[in-house]
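Throughout, read-outs are computed from the coordinates displayed, never taken from laboratory work. Computed from a predicted model, the values in this text were never measured in an experiment. Here the Cβ positions follow ideal geometry from the backbone for every residue, glycine too, while neighbour counts run over all protein chains shown.
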Amino acid sequence: MTGQDRAAGRDGRYDYLIVGAGFAGSILAERLASQHGARVLLIDRRPHIGGNAYDEKNEAGILYHRYGPHIFHTNSDQVVDYLSQFTQWRPYEHRVLAVVRGRQVPIPINRTTLNELFGLDLKTDAEAAAYLASRAEPVDEIKTSEDVVVNAVGRELYELFFQGYTRKQWGLDPSELDKSVTARIPTRTNTDDRYFTDTFQAMPRDGYTAMFQRMLDHPRIEVRTGVDFRDVREGVAADHIIYTGPIDEYFEFRFGKLPYRSLKFDHKTLDEELHQPVGTVNYPSPDVPYTRISEYKHLTGQQAPVTTITYEYPSAEGDPYYPIPRAENQELFKRYETLADETEGVTFVGRLATYRYYNMDQIVGQALATFRKIDEKRERAKPSAVAAE
Ligand code: FAD
Ligand code: UDP
């Protein structure tokens, strides 16, 4: 077990019960225990810490991610400084190829993609920009995930790279999804083939789970895995709850189910040193049932004669992984959020509880901001020097 066997006070009470040991829950546990001396009980219904970022060595000794490939990238110094207390880093820039018309070409679409796919010889940014402009179909008001792409690259490239992938990933056509989803993927006129351009791109040197273990190794943090909030919510005595699970579940689906998208992961270990040229290969074709294959040795730099890959099969059923960004879901979320705001003694934080399609670094930022709010409230509640006289 990470953390203490028993962190409750002598009266059996905790200051905080934190639900979910992913980034949001673990960071708040660490901050509250180390900065406020709070007694924290951190639970997760899964048999491990780390949430969706959990990694472990499989039987072949390959470090893989149980819930699909997690690549860390951020522009925030604050986030890097915070996490660097618990891990060293291995520089890693993620690259992705998409299988289109039988070729593997860079995604995000860049000048190389255009040249390889259409047999062109575009030499400069200006030439690539002019070419894209000749294909683009300008959209007056960009609202949907279809608009974003068609406006930038036109319908043919949209259909080849985005429509099939998005329909598989979300079970919805891009025209039914908020523009923010495909806007995650830029279009480039240069030959930069990195998936991300953030200032900091690196993997935790010993993996995510090791980083979480260090974060939670504190005498005032008690970690209990394999424990569902629903089974302990009446039994645990805590002054405050921090909840990082699905918000609709907390309120017993009072207004109906909030849609989340799930995935099935098929992990395979192959008797070859490397399986594919880059960390992830995307399969946008509707004829292929999975969306992408990722190979961990690219991410981790691990040397071994065998390799582990993961296929991602999108699914409506299963663990909630992605909030689904579209107006009607946001409206339903807002009703739950109003209820959450009115609920005394509970703080909702994290990707599932705030229904936001956030990357890891954004969740770290959100958790640190939540701690600052708790901290300011505590400072305000302290009797002032004048009042104390
Ligand atoms: P989670 O990690 O989901 O943690 C919430 C925890 O709460 C879970 O462990 C859950 O078991 C627990 N829980 C829920 N309900 C209960 C309950 N009732 N009782 C007890 N425990 C409960 N981000 C990136 O930055 N880069 C990437 O490359 C990247 N790749 C991703 C790939 C996939 C396939 C997915 C799904 C996500 C990816 N992300 C990536 C996003 C990243 O996973 C999230 O931003 C981050 O893990 C969110 O942290 P969290 O603490 O909010 O939630
Ligand atoms: N996308 C796509 N084709 C691709 C890559 C991405 O259509 O080759 C779209 C798809 O809708 C996807 C979204 O862009 O869900 C965001 O992609 P990202 O790789 O950021 O997804 P994540 O890693 O969060 O699953």
Report summary line: The residue that is farthest from ligand 2 (Cβ to nearest atom), considering only those in region 338-389 that are of a type in the set (S, T, N, Q) and more than 17 Å from VAL19 (Cβ to Cβ), is SER384
Query raised in the report: Of the conditions (1) under 20 Å from MET360 (Cα atoms); (2) among the charged types (D, E, K, R); (3) in contact with a strand residue (DSSP E or B) (Cβ under 8 Å, 6 or more places away or on another chain), ARG31 fails just one. Which one is it?
Result: (3)
Report task. Mind listing whichever residues of region 331-370 are without any contact (Cβ under 8 Å) to a residue 40 or more places away in the chain, farther than 22 Å from HIS73 by Cβ and either under 13 Å from the mean Cα position of the chain (by Cα) or not in a loop (DSSP other than H, G, I, E, B) (or both)? Result -> GLU331, LYS334, THR338, ASP341, GLU342
Query raised in the report: Within region 288-330, which residues are part of a strand (DSSP E or B) and within 30 Å of SER175 (Cβ to Cβ)?
Result: ARG292, ILE293, SER294, THR310, TYR311, GLU312, TYR313, PRO314, SER315, TYR322, PRO323
Query raised in the report: So which of ARG205, ARG194, ARG184 is near ligand 2 (Cβ under 10 Å from one of its atoms), within 20 Å of the chain's Cα centre (by Cα) and among the basic types (Lys, Arg)?
Result: ARG184
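Which fully enclosed strands (runs of 3 or more DSSP E) of region 17-90 have 3 or more residues being in contact with an Asp or Glu (Cβ under 6 Å, 6 or more places away or on another chain)?
Details: elements: 40-44, 55-57, 63-65.
Of the strands (runs of 3 or more DSSP E) lying wholly inside region 17-90, none has at least 3 residues that are in contact with an Asp or Glu (Cβ under 6 Å, 6 or more places away or on another chain).
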Query raised in the report: Which one is surrounded by the fewest Cβ atoms within 10 Å (Cβ to Cβ) among residues in region 259-279 that are more than 24 Å from the chain's Cα centre (by Cα) and among the aliphatic types (A, V, I, L, M)?
Result: LEU274
Query - Subset tally (residues that are over 15 Å from ARG45 (Cβ atoms) and surrounded by 15 or more Cβ atoms within 10 Å (Cβ to Cβ)) for region 215-240 - result: 8
Report task. Return yes or no: is GLU59 closer than 28 Å to GLN276 by Cβ, surrounded by fewer than 17 Cβ atoms within 10 Å (Cβ to Cβ) and within 14 Å of ligand 1 (Cβ to nearest atom)? Result -> no
Query raised in the report: Can you tell me which residue in region 69-115 is surrounded by the fewest Cβ atoms within 10 Å (Cβ to Cβ), limited to those that are free of Cβ contacts under 8 Å to residues at least 40 places away in the same chain and among the hydroxyl-bearing types (Ser, Thr, Tyr)?
Result: SER84
Query raised in the report: Could you list, in sequence order, the residues of region 357-389 that are closer than 24 Å to GLY50 by Cβ, in contact with a strand residue (DSSP E or B) (Cβ under 9 Å, 6 or more places away or on another chain) and surrounded by fewer than 17 Cβ atoms within 10 Å (Cβ to Cβ)?
Result: TYR357, GLN362
